[in-house]
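**Q** Dropping the structure in here first, questions after.
The values are calculated or read from the model by the stated rules, or taken from the named source; none is laboratory data. This structure is a prediction, so every number in the text was calculated from the model and none was measured. Because the Cβ atoms are built from the backbone with ideal geometry, glycine has one as well, and the counts that use them run over all protein chains shown.
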Amino acid sequence: MAENSCKAQKTRITEKQQRSRLRRIYFLLLTAVLFAAGAQAGRLFHVEERLAGMANAAAANNNASAGEEDIRETLASGGDKKETKTMVYASGEPVGIYIKTEGVLVLGTQEVKTENNRSCSPAEHKLESGDYILAVNGEAVTSKPQLISYLQKNEDKEAVLTIERNGEKQKIKIQPAYSEEDDCYQIGAWIRNDTQGIGTVTYITEDGSFAALGHGISDCDLGVQMDISGGSVYQTDITS
């Protein structure tokens, strides 16, 4: 009887230790997220995390549980297999996702209204939907405001754009036009450099890394998978 009581007490202590470990892990600054994103599905990249406070919600709702994942490694010497066990914590927590693209994504082209009610399309037949603008005159482009700033600096001179199309980099020349309507130089292109949505954290490891297993992240207008440079995840609540 005493032995059974001791085992029961030991089991309770173990469960308590696991819950305590789970709380500590949730409070860690989680720095790695795995997304099957873009053409390079499943690559690992670092993001800023905003999950502070998730631990209390998870502990209160008992939404997370501990589990074990078997990992088999083939040793370099002899090719023998070694079986190790790594503890992971099932999550299922919803998160908000903010993604930045590699360069700026071209959605399409349009006319620029110039003086005397005239119009022109500087980017027509030069830029295509799905292109990424990576640089202007050799200066890297990481955002829409940056691209606009470079075009104003360039004025009406021919600009050299470094773009990525179908995975290949190339350079094209475009001469910006001055828009009387918007009072600035434009190349006549619709662009985007970020997107957002919701996802689910699949599991968390003991070292504080977390992962999401799923599909590539696509642009809502073009339906093409996005080339991602980085992003952030945030604590979120789904209300409807």
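**Q** Is it the case, given these coordinates, that T202 is among the β-branched types (V, I, T) and within 25 Å of I228 (Cα to Cα)?
**A** In short, yes.
**Q** Oh, and also: Here is a list of conditions, (1) loosely packed, with under 15 Cβ neighbours inside 10 Å; (2) more than 25 Å from the chain's Cα centre (by Cα); (3) free of Cβ contacts under 8 Å to residues at least 60 places away in the same chain, and E181 meets all of them except one; can you say which number that is?
**A** Going through (1) loosely packed, with under 15 Cβ neighbours inside 10 Å; (2) more than 25 Å from the chain's Cα centre (by Cα); (3) free of Cβ contacts under 8 Å to residues at least 60 places away in the same chain one by one, E181 breaks only (3).
**Q** Please go through the stretch 185-208 and pick out each residue that is of a type in the set (A, V, I, L, M, F, W, C) and in contact with a Phe, Trp or Tyr (Cβ under 8 Å, 6 or more places away or on another chain).
**A** Across the stretch 185-208, the qualifying residues are V201, I204.
**Q** Starting from residues that are of a type in the set (A, V, I, L, M) and over 23 Å from the mean Cα position of the chain (by Cα), keep the ones in the stretch 126-154 and report whichever is surrounded by the most Cβ atoms within 10 Å (Cβ to Cβ).
**A** So the residue we want is L127.
**Q** Further, regarding this structure: Might you let me know whether the stretch 155-166 holds any residue that is of a type in the set (V, I, T) and under 23 Å from the mean Cα position of the chain (by Cα)?
**A** yes
**Q** Can you pull out the residues in the stretch 141-162 that are more than 13 Å from E102 (Cβ to Cβ), not aliphatic (A, V, I, L, M) and not in a helix (DSSP H, G or I)?
**A** Correct list: E155, D156, K157, E158.
**Q** Among the residues of the stretch 210-219, are any surrounded by 14 or more Cβ atoms within 10 Å (Cβ to Cβ), farther than 29 Å from K144 by Cα and at pLDDT below 80?
**A** yes
**Q** While we're looking at this one, here's another question. Looking only at the stretch 112-140, how many residues end up being of a type in the set (S, T, Y) and outside any strand (DSSP E or B)?
**A** Result for the stretch 112-140: 3.
**Q** Here are some residues: E155, E139, E164. Which one is at pLDDT 90 or above and at positive phi?
**A** E155
**Q** So which residues in the stretch 163-172 are among the polar types (S, T, N, Q) and outside any loop (DSSP other than H, G, I, E, B)?
**A** Q170
**Q** Ok, one more. Got a number for residues in the stretch 173-215 being in a strand (DSSP E or B) and farther than 27 Å from D131 by Cα?
**A** Counting residues in the stretch 173-215 that are in a strand (DSSP E or B) and farther than 27 Å from D131 by Cα gives 8.
**Q** For the stretch 159-179, state whether one or more residues are touching a helix residue (DSSP H, G or I) at 6+ places or on another chain (Cβ under 8 Å) and within 19 Å of K113 (Cβ to Cβ).
**A** Yes - at least one qualifying residue is present in the stretch 159-179.
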